[in-house]
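Enquirer: Next up is a structure, given as C-alpha cells.
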Amino acid sequence: MALDGAYLYAVRQELLPLIDSRIEKIHQPTREELILAFRSRNGGAKVLISCAADRARVHLTQIPVENPKTPHMFCMLLRKRLGNGRLLAIRQDGLERVLYFDFSCINELGDVVQLTLACEIMGRYSNLILIDEKGIVADSMKRVDATMSSKRLVLPGVAYMAPPRDDRLNFLTASSEEIRNVVSGKNGELSKVLLQTLEGVSPVLVREWAFYTGQGKPCRSELLTTDQLDRLCYCIQRAKILLEQKKAVFTMVSTREGQPKDFSFLPLHQYGTLMVTKIMPSASALLDEFYASRDRVARLKQRANDLFHLLLHTTERIQRRIASQSEELEACSEKDNEKRKADLISANLYRLQKGDTQAVLEDFYDPNCPKVTISLDSRLTPPQNAQKYYQAYKKACTAEKILTEQIAKGREELVYLDSVLDVLSRAETENDLDQLRMELQEQGYLRLSGRKSKPAKLLPPMVYTTSDGTRIMVGRNNRQNDQLTLKIANKNDIWLHTQNIPGSHVILETGGKEPTLEVLKEAAQLAAYHSKARNSAQVPVDYCQVRYVKKPAGAKPGMVIFSNQHTLYVVPKQME
C-alpha cells in the first residue's frame, strides 16, 4: 500500500499545528529514516520521515526508536543547518505526494535564512532533500546522479527541480461536471480510468469509489449510466468533504491473521468480510501502527546486515573445510592396504632385491592366497620399501585421528553459528545486537574495535508467567543461556530446549514442586516460540531437571549436554 496525495493532505492538516515550533532534536535511525523532534509552548512532537521504497511516508509518531551510536552524514548536516530552526510553513502542491517544510534558520554568518526540507513520498523514488535559500540542493538522503537519471539530478550544488507532474484533475478543486466529462470520455475499467485521471489517488481509493459506483459489481467507464455517474460524483464529493472538514475516517484493514493490508482516509467496504477493519483516531496513528512491525524488522536488518554476512560467510567457509576434510578422511580408509603391503614385503625380503620395480607375492591375509602385485621404488632396498609403506600407514592413522577431531569441531562450530544466527533473526533491539557483537568478539569471529565505546547494557532474561502463576525465564542469547541455566536456575527447576533445533534456554521455576502437564506444555510452547522453529507446527521440545544439564569443558557459549530428558510435541506460542 502506497501513501497517496489525498492521505498526505490529511497528514499535512495534522502537522499544521507545528508551525512556529522549533526543531529540538534531529535523529536518523537508518539510512532512509529521519525523525525531527519539535518543541513549542504547547509541548513537543516528533515527525517521522521515511524514504524507504516500501514504507515511504511522513507523519507524527509516538513510537520510540533506537538511534545508532554514530550519526549518519546527512543527519549531521541537518543538525548543523536546521538545528533550532523555526517551522514557518508546510506546503503541498495540489495533491502531489510532496510536502515542503519551510524553516527560518541562522547560517554560519549569523544571518537569518529560509531553508526548505522537501519530503518526496513517491515509492522507490522517495527522497528527502534540503534546499537552501537560493533554491540549490544542499544535500539529500538519496543522491541521484546522471547514471541513475538523465532527467532530474539530485546532487549538492544543483538547482532543485520539483518531480515531474502529470496533467491530472485534482478532485478537491475539480467540479462534478469536469469529472463526469473526463471519466465518461475514456474507455476501460473504471478504477484504472480514475487512477489515470485524478491526481493524488491510490489504487485502494479508486477501487472503493468504483465499488460504490457499481454497487459491488465491476463497471467500465464508457458504459456508466447516468445514475452510476451520479453515484461516482457523490462518493468523490463526499471524500472531498471528509478531507476538507477534517472528518476523515482513518481505516485500516488487516487479514484475519493480523497482517496489515491496506489503509485509507474513508471507510473501506470493497473487501467485505474477507478482511478485518479497524478505525484509527488519526492519520498519523494509523501509519504508526500500519508500519510499526515493518519498520522494526527493517531497522534491525539494516543494522545487523554486517553480522548476517559474517555468519553466513563463516558458515560457508566451515562447510567447505569440512567437505575437504571429509574427502581426505575417506582417502585414509585405504590405510590398512598400506600395512598389508608392508607386511607382505617384510615376509618376503629374501625374494626381493634392490632395483625391483614391483613384487608379485602371495597374499597370506587371504585364505586362498592369491597373487598380488606391489609397486616398489627401485632406488630403495626391500626393507626400505617395507618401511615406506609402514610410514604411509602411520601417516594415514595420524591423519584419520586429526581429521576426525577437526570435522567434529567443525560441526560443533556450525551448530554454534546456527544458534547465533537464530538469535540474530529474533533480535528486537539494538542492545540485542550489541550483545551478539560482544559474544562474537569474545569467540574471535569479530575483531575488537580500536575505539573505546560504552559497553552494551546487560539485560535480564525475559520473564513470563504461566496460567497458574509459575514463573518462566527465557535467555536472550547464548551467553545469557549459560548464565541462566548454570548460575541462576535452581537444580530442581525444569530446563527446556527444542530438540536438535537452535533456540533459547527456558527455565521453569518449580519451587521444589512437580509441575503440572499443562504448565509444562506452556513452557514448551514458549521454548518452541523462542527458537528457529517459531513458524513450524508440532515442534519437539526436550525437558529435564537443571541438575542433569552440564557444560563440557571448552564448549561454545550456549552449548550444553543433558540426560534424563523427556520430550513434548507442541505448537509454538508466545505468552503475554
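The values are calculated or read from the model by the stated rules, or taken from the named source; none is laboratory data. Treat the numbers as computed from the prediction; the structure is a model and nothing was measured. Cβ sites come from the backbone with ideal geometry, for glycine too, and all protein chains shown count toward neighbours. These accessible areas exclude ligands, DNA and RNA; they are computed on the full protein's heavy atoms, side chains included. Shrake-Rupley method; radii C 1.70, N 1.55, O 1.52, S 1.80 Å.
Enquirer: Starting from the Cα of residue 487, draw a straight line to each of the aspartates and glutamates and keep only those under 19 Å, dropping any in the same chain fewer than 8 residues away.
Expert: Filter leaves 439, 509.
Enquirer: Right, something else. Is there a quick way to get the dipole size of the chain? I mean about its Cα centre, with the Cβ of Lys and Arg at +1 and of Asp and Glu at -1; what is the value in debye to the nearest 20?
Expert: I would put it at about 1000 debye.
Enquirer: With point charges of +1 on the Cβ of Lys and Arg and -1 on the Cβ of Asp and Glu, referenced to the Cα centre of the chain, which listed residue (127, 141, 443) lies farthest in the positive direction of the dipole?
Expert: Checked the options; the winner is 443.
Enquirer: Which whole-number value in Å² is the accessible area per residue of the chain, probe 1.4 Å?
Expert: Using a 1.4 Å probe on heavy atoms only, each residue of the chain averages 53 Å².
Enquirer: Mind grabbing the accessible area of residue 86 for me, 1.4 Å probe, Å², rounded to tens?
Expert: Approximately 70 Å² for this residue.
Enquirer: Quick one, which of [x] 39, 29, 25; [y] 70, 27, 25; [z] 66, 31, 28 is the actual semi-axes √(5λ) of the Cα gyration tensor in Å calculated for this model?
Expert: [z]
Enquirer: State the answer as a single residue: which of 310, 350, 367 lies farthest towards the positive end of the charge dipole of region 262-373, with beta carbon charges of +1 for Lys and Arg and -1 for Asp and Glu, about the Cα centre.
Expert: Of 310, 350, 367, it is 310.
Enquirer: Can you tell which of 68, 232, 215 lies farthest toward the positive end of the dipole of the chain, using +1 and -1 charges on the Cβ of basic and acidic side chains (Lys, Arg; Asp, Glu)?
Expert: Working it through, the farthest residue towards the positive pole turns out to be 68.
Enquirer: Let me ask another. By per-residue mean of other Cβ atoms within 10 Å, what is the highest-first order of 386-397, 416-427, 357-368, 173-184?
Expert: Averaged packing, sorted descending, gives the order 416-427, 386-397, 173-184, 357-368.
Enquirer: Among the lysines, which fall within straight-line cross-link reach of residue 491, defined as a Cα-Cα distance under 25 Å, with same-chain neighbours fewer than 8 residues apart omitted?
Expert: Filter leaves 513, 521, 550, 551, 556.
Enquirer: Quick one: grab Rg to one decimal and Dmax as a whole number for region 252-362, Cα atoms only, in Å.
Expert: According to the Cα coordinates of region 252-362, Rg and Dmax are 35.7, 104 Å.
Enquirer: Determine the dipole magnitude for region 406-529: charges of +1 sit on the beta-carbon of Lys and Arg, -1 on that of Asp and Glu, nothing else is charged, the reference point is the Cα centre, and the result goes in debye to the nearest 20.
Expert: 560 debye
Enquirer: Only helices at least 24 Å long along their axis, Cα-based, and averaging -1.0 or more on Kyte-Doolittle count here, so list those DSSP H runs from the chain.
Expert: 226-244, 283-303, 305-331, 382-425
Enquirer: Go ahead and collect, in residue order, the members of region 505-544 whose backbone nitrogen is under 15 Å from a label point 7 Å along the Cα-Cβ direction of residue 566.
Expert: So the set is 508, 510, 513-525, 541-544.
Enquirer: Taking residue 354 as the anchor, which aspartates and glutamates have their alpha carbon closer than 13 Å to its alpha carbon, excluding any fewer than eight residues away along the same chain?
Expert: Cross-link targets: 377.
Enquirer: Let me ask something else about it. Expressed as a whole percentage, what fraction of the accessible surface of the chain belongs to carbon and sulfur atoms when a 1.4 Å probe is rolled over the protein heavy atoms?
Expert: 51 percent
Enquirer: Next up: Going by average Cβ neighbours within 10 Å, how do the peptides 319-328, 332-341 rank, with the highest at the top?
Expert: 332-341, 319-328
Enquirer: With θ taken as phi - 60° and the coefficients 6.51, -1.76 and 1.60, list the Karplus ³J(HN,Hα) couplings across region 365-381 in order, rounded to whole Hz; mark glycine and proline as x.
Expert: Each residue's phi maps through the Karplus curve to give 6, 9, x, 7, 6, x, 7, 10, 9, 10, 6, 10, 8, 5, 7, 10, 6 Hz.
Enquirer: From zero up to wherever the largest Cα-Cα distance of region 449-576 sits, split into 10 Å bins and tell me the percent of pairs in each.
Expert: Values per bin, smallest distances first: 13, 46, 30, 8, 3, 0.
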